[in-house]
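Structure first, commentary second.
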Amino acid sequence: MDLSGRRYGCFVIVVVMIIGLSGVCVYGQNDGDSVGAPMVKTEQEALYYAIQGFVGQWWNGSDLYPDPCGWTPIQGVSCDIFDGLWYVTELNIGQIQDNSLPCAQNIEFKPHLFQLQHLKTLSFFNCIISPSQTPISIDTVKWDAFSATLESIEFRSNPGLTGQIPTSFGNLKKLESIVVIDNGLSGSLPANIGELSYLKRLVLSGNKFTGNIPESYGNLRELLIMDLSRNKLTGSLPLTFGGLTSILKFDLSKNKLEGEIPSEISNLKNLTLLDLSNNNISGGFDFANQEMSSLEELILSNNPIRGDLMKFNWKYVNNLVALDLSHTGLTGQIPESISIMKNLRFLGLNDNSLSGNISPKIAELANLSAFYVHGNNLTGDLKFPKEFYQKMRRRFGAWNNSNLCFPVTKMSESIRPFGVKVCREGTS
């Protein structure tokens, strides 16, 4: 074969190789290599129009991102292959990253959004900043289109978003996470959210929700986190909450809840955080009638709970790391049995009506780094060792206890407890 023939043969081989590689890039046929897999035209158009509804008419996706799941990805969009074709699985709208597309002043939930056939995650972050002339609310009708696909939905930091949570969210049977934080939403909580059997995270904090917590929420057996804090919820805690057997964190703080803490709460054997602070809860501390060894943080401050700590069985919560019972109307003495909680780091008992002496056994809590008992009726002299004051310093608060004193001869002025008077001679 002459030189020209050899060149022609090589050329043919190269062309065949290029064509073969081209087929791989375009059609994704190389053992799952999907870099150049095609995208269904209807899916691509639905994506473009949906985003345009949120960022404005100026945005022309087909020109800017002709291959949104391949070579020219769109910020906040993730895709996956189904039957050899690209489909959108994740859509994040708003200022999530520095280069994210900014939202328009008047966003629109275009019907194209609900044509994305495999969408699993949808989020809006810092998108709807302030109320516009036309109130912006969550579309209430079309969510059923995602009933078999959507796993996570999030509206975070959108103060201009008004209206209610659509009841159609309760039809999204695959949902594992609902996060609706710091928006302008109001109204009652949809009861049918309690029918979402796969739900693991329910966070609805920082809105203006009113009314009672639906009893159906106690049916969420897979739930790990419930945060309904910073709303205007009323009524009592549902007794059905005893059925939340998987829950780890429970935050209902800063609402207008009332009534007693149900004893069913002590059925929650995996619970690590219980925060009911800043409500109108009353009825004492009888809720822990069995062991809650997993509980690490018990925050009940700023409630008219009242009751006597001497009657509380501390061995049921002996793994607590943080205990805040400040401003809860407590009476009686500080029980010495608190000292069995060896993991305790924070103890807040301030602004109550506690009386009597403070047991020096509190100093045996080696991990304790903050102890506040100011604003009570405590009496007697403080008998903690000098090392305790050296460690705690201003994190030991005992001021505003008029009959409490400390023996000045036992410590230097630099570590004396702030606001506590010196014991008179003969009283220590």
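Each reported figure results from applying straightforward, stated rules to the coordinates on display, with no laboratory input. The structure displayed is predicted, hence computed values, not measured ones. Glycine gets a Cβ as well: all are built from the backbone with ideal geometry, and neighbour counts include every protein chain shown.
Label sites at SER412 and ASN357, each approximated as a point 7 angstrom past Cα along Cα to Cβ, lie 2.8 nm apart. Cβ-Cβ distance of SER137 and VAL321, R₀ of 45 Å, FRET efficiency by 1/(1 + (r/R0)^6): the value works out to about 0.65.
Packing here is the average count of other Cβ atoms within 10 Å per residue, and on that basis the peptides 55-67, 175-187, highest first, run 175-187, 55-67. Each part reduced to its alpha carbon centroid, region 157-179 and region 345-393 end up 45 Å apart. Take the Cα radius of gyration of region 306-428 and divide it by 2.2 N^0.38 Å, N being the number of residues; the result is 1.00.
Taking 10 °C and 1.306 mPa s as conditions, region 92-191 diffuses translationally at an estimated 114 µm²/s according to Stokes-Einstein applied to its Kirkwood radius (Cα pairs). Each 5 Å bin from zero up to the one holding the largest Cα-Cα distance in region 187-287 carries the following percent of pairs: 3, 14, 25, 28, 22, 7, 1.
The modelled label-to-label distance for the pair VAL40/ASN343, using points 7 Å beyond Cα in the direction of Cβ, is 4.9 nm. Rounded to the nearest 10 degrees, the inclination of helix 41-55 to the longest alpha-carbon principal axis of the chain is 50 degrees. The spacing between region 65-102 and region 274-304, judged by their C-alpha centroids, is 45 Å.
Please determine, in degrees from 0 to 90 and to the nearest 10, the orientation of helix 3-27 with respect to the longest principal axis defined by the Cα atoms of the chain, where the helix direction is its Cα long axis. That works out to roughly 40 degrees.
Couplings 3J(HN,Hα) for region 87-103, derived from phi with the Karplus relation 6.51 cos²θ - 1.76 cosθ + 1.60 (θ = phi - 60°), are 9, 6, 10, 9, 9, 10, 10, x, 7, 7, 10, 4, 9, 5, 6, x, 7 Hz, where x marks Gly and Pro.
Using the rule -39500 (n - 2.57) for each DSSP H run of four or more residues, divided by the residues of the chain, the 222 nm mean residue ellipticity is -4000 deg cm²/dmol. Every Cα-Cα pair of region 280-351 was included, and the share exceeding 21 Å stands at 15 percent.
Between amide H atoms placed 1.01 Å from N, distances below 5 Å from LEU330 occur with ARG306, SER353, all of them 5 or more places distant or on a separate chain.
When the C-alpha to C-alpha distance is required to be over 26 Å, the pairs from LYS311/LYS383; LYS232/LYS311; LYS173/LYS256; LYS342/LYS383; LYS120/LYS232; LYS120/LYS256 that qualify are LYS232/LYS311; LYS173/LYS256; LYS120/LYS232; LYS120/LYS256. A P(r) calculated from all alpha carbon pairs of the chain, with 10 Å bins opening at zero, reads 4, 17, 20, 17, 15, 12, 7, 4, 2, 1, 0, 0 percent. Using the Cβ-Cβ distance between ARG221 and GLU258 with R0 = 25 Å, the FRET efficiency computed as 1/(1 + (r/R0)^6) comes to roughly 0.40. Considering only ASN158, GLN115, PRO38, the residue lying farthest towards the positive end of the dipole of the chain is ASN158, judged by Cα position with unit charges set on Cβ. So for region 149-217, what percent of the C-alpha to C-alpha distances run longer than 13 Å? Percentage above 13 Å: 62. Build a GNM of the chain with springs between Cα atoms under 10 Å apart, and of THR42, THR245, THR89 the one that fluctuates most is THR42. The Kirkwood hydrodynamic radius of region 250-309, based on inverse pair distances between different Cα atoms, is 11.7 Å.
Rg/Rh for region 114-170 (Cα atoms only, Rh after Kirkwood) is 0.98.
Summing Cβ point charges (Lys, Arg +1; Asp, Glu -1) relative to the Cα centre of the chain gives a dipole of roughly 1600 debye.
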